[in-house]
Every structure is written in structure tokens, then in C-alpha cells.
């Protein structure tokens, strides 16, 4: 009987240990990216050239000329670099591991511009004969065809379809749900984590938005002959939201009466445009674009109010 009880206890301990280790194992998914890039699964005639290079956050400035700050602002973990050769042809692969899907998607949205995806790539992508941009989970990747040889497009897509499954499963940042896709100006969508990302979208003076407590999403929308610029900030707490509103409304113009969800209108030093502030839940919404208050309220109620 004691032997049976001992076996039961031993099995229970092993089960608890397994349950304890499972989350840890899952957290390392994608850690062996270099080892999983099998040249046999890529395309006939291609081979890896040289060793896979791993670049840390401290080394990133030496690899990206003038662009490292944006990656670090979003939250950068490491970069995996690999070259592939086929006779006199070359492809370069760069996989950026970011802190989360928000960060990877934020980089992807800024880098993609107005490019178009390739139907032959099974995942989020923007494609040209010079490069393919990929985004999957917390990873942002670039496949570069330095001379832009059109004959290598099929190989680029084959490499992209090899890389994407290695990078885990697709994951949509929740912040993207704060803006409607209908009517959005192509190429204008941004995720905002700091001043550098904000500068790619709309002007705000340094320090006026607290990115330690709030993160943002931005896009442009045609509306009644104007282009409305929409910045929505999701703040971590109601107190953080209220503090952000207080800072913005400190620039308020006179004569604009608050009526929920509209809070205030303000101008910023160096601009003549008016900005209109709305507050709902933990979300702060700022509209601008040469529109009047009545049009801003109309746009907010028609497109954003839930």
C-alpha cells in the first residue's frame, strides 16, 4: 500500500513540475530562429552564407544607420541576420524581435508606407522586388534583394513563407480596434509608443503626451472635403487619462464649452490648427486637420463613439 501511495505522490510531483515548466517552455517559442531557418526547405540552389549573426540592443546602432532609436523606443530585444547565396544572386534576411506584437506592428506600419502585399506570401506583408516586409506576433522581418532583380521575386516569397511560421502565430494588437478601418486613408495608420513614432504621424511638442502611461493609435480620414487626423490614446488608469486631459486642456482656447464626451479645444505653439479633445472611458481622442468644432463633434459621434 505504501509503495502505491509513493508512486501516486511521485506522479503528482512530476505532474506539478511539468505544469510549472510548460509556461517557461512556451515563452521561449521562436528563440532558436537561426537554427530553424533550414536551407533545404528554402529554394533549390540556395545556401546560407556565413554564420547567423545575433545583434543585441546595445549593438543595434552599429547595424542600423540612423534608425535604431525608433526600434528602441518601441521596445527591441534582438536582431537575427542571415545572408543567402545562389551563384551571383544574394538575399539578406533580418528578423527583429520586439518586446510584443504592438511594437512589431508599430515598426511594420511605419516602414510599409503605401506598399502593397504579395498574395503569394501567407502572412502580413508588404512586397516589392527590392524588399519584403513581414510582421508576425512580436517579430518584424525584412528580406532584401539588393539589386532589385525581378527574377528573384519567387525566391523572396519562398523565403518569406519559410520565415513566417517560425515567427509564431499572428497576433493583432488590441489598440488597432480603437479605429475603424472603413474610410481610413491608405498608409496613414500608425501605432504610437513615443515621440519618434508620433513625429511620423502628427505634430505635438515634446513632453505633452505621457507615453509612460498612455499608448496611441493614429490614422487620417477624409470627411466633408477635409482630412481629419485622429489620435486616440489609451491610458493605463483613469487617473492617467485625467492627468493627460489636464495637460492638453491647459492649452485650451477660450469660449469652447465642454459637453461630454467633448472636453476642450486647444492650439499648440508653432501651429495654427485647432485640436479637439474627447474623453470616453480610458481613451482620450484628439481630432485635428483644419476642421471646426461642429465638424469634429460630428465626426467623433459618427465614426468613433460606441
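If you fit an axis through the alpha-carbon atoms of helix 153-166 and take the longest principal axis of the Cα set of the chain, what angle between them do you get, 0 to 90°, nearest 10?
With rounding to tens, the tilt is 90 degrees.
At residue 298 and residue 177, where each label point lies 7 Å from the Cα along Cα→Cβ, what is the point-to-point distance in nanometres?
3.1
Using a Förster distance of 22 Å, how high is the FRET efficiency between residue 169 and residue 142, based on the Cβ-Cβ distance and rounded to 0.05? Walk me through the intermediate numbers first.
On the way: r = 20 Å, r/R0 = 0.92.
After rounding to 0.05, the efficiency reads 0.60.
When the helices in the chain are scored as -39500 (n - 2.57) per DSSP H run of 4 or longer and the sum is shared across all residues, what 222 nm value do you end up with, to the nearest 500 deg cm²/dmol? Intermediate results must be reported in sequence, preceding the final value.
Numbers: 8 runs with 87 residues, N = 306.
The helix-only estimate for the chain comes to -8500 deg cm²/dmol at 222 nm.
Computed FRET efficiency, Cβ-Cβ of residue 149 and residue 212, R0 41 Å: what is it to the nearest 0.05?
Numbers: r = 45 Å, r/R0 = 1.11.
With a Förster radius of 41 Å, E is 0.35.
Once you place label points 7 Å from the Cα toward the Cβ at residue 226 and residue 83, how far apart are they in nm?
My value for the distance between the label points is 5.3 nm.
Explain nothing, just the number: relative contact order of the range 29-166, from Cα pairs under 8 Å at least 6 residues apart, as a whole percent.
22
Angle, helix 2-27 long axis vs. longest principal axis of the chain, Cα atoms, 0 to 90°, nearest 10?
Tilt relative to the chain: about 60 degrees.
On the principal axes of its Cα set, how long, how wide and how thick is the range 164-251? Give whole Å, largest value first.
For the range 164-251, the Cα spread along each principal axis is 47, 37, 23 Å.
Can you grab the distance from the C-alpha centre of the range 78-130 to the C-alpha centre of the range 148-218, Å, no decimals?
12
Which whole-number value in Å³ per residue fits the convex hull of the alpha carbons of the range 29-166? Each step should come with its number before you reach the end.
On the way: hull volume 15.2 nm³, N = 138.
Expressed per residue, the convex hull around the Cα atoms of the range 29-166 is 110 Å³.
For residue 59 and residue 280 in the same chain, what is the full-extension length gain: residue separation times 0.36 nm, less their Cα-Cα distance, in nm? Don't skip to the end; give the middle numbers.
Numbers: separation 221, 0.36 × 221 = 79.56 nm, distance 4.18 nm.
Gain on extension, residue 59 to residue 280, equals 75.4 nm.
Given a cut-off of under 8 Å on Cα pairs at least six residues apart, what relative contact order in percent is computed for the range 174-304? Before the final figure, lay out the partial values.
Numbers: 224 pairs, mean separation 27.8, N = 131.
So the answer I get is 21 percent.
Work out the FRET efficiency for residue 252 and residue 185 from their Cβ-Cβ distance, taking R0 = 25 Å, and round it to the nearest 0.05.
Between residue 252 and residue 185 the formula returns 0.35.
For helix 238-249, what angle does its Cα long axis make with the longest principal axis of the chain, in degrees from 0 to 90 and rounded to 10?
50
So what is the relative contact order of the chain, in percent, for Cα pairs below 8 Å that sit 6 or more residues apart? Please list the in-between numbers first.
On the way: 520 pairs, mean separation 33.8, N = 306.
Taking the mean separation of contacting Cα pairs over the length of the chain, I get 11 percent.
Provide the gained length on full extension for the span residue 196 to residue 118, in nm with one decimal, where the gain is 0.36 nm per separating residue minus the Cα-Cα distance. Could you put the intermediate results ahead of the total?
Values: separation 78, 0.36 × 78 = 28.08 nm, distance 2.85 nm.
Gain on stretching residue 196 to residue 118: 25.2 nm.
Taking the beta-carbon count within 10 Å as an exposure proxy, list 292, 215, 243 from fewest neighbours to most. Don't skip to the end; give the middle numbers.
Working: 292 12, 215 21, 243 15.
So the ranking, lowest neighbour count to highest, is 292, 243, 215.
Any read-out appearing in this document is the output of simple, stated calculations on the displayed coordinates, not a laboratory observation. Everything numeric in this text was worked out from a predicted model, so none of it was measured. Ideal geometry is used to build each Cβ from the backbone, glycine not excepted, and the neighbour counts take in all protein chains shown.
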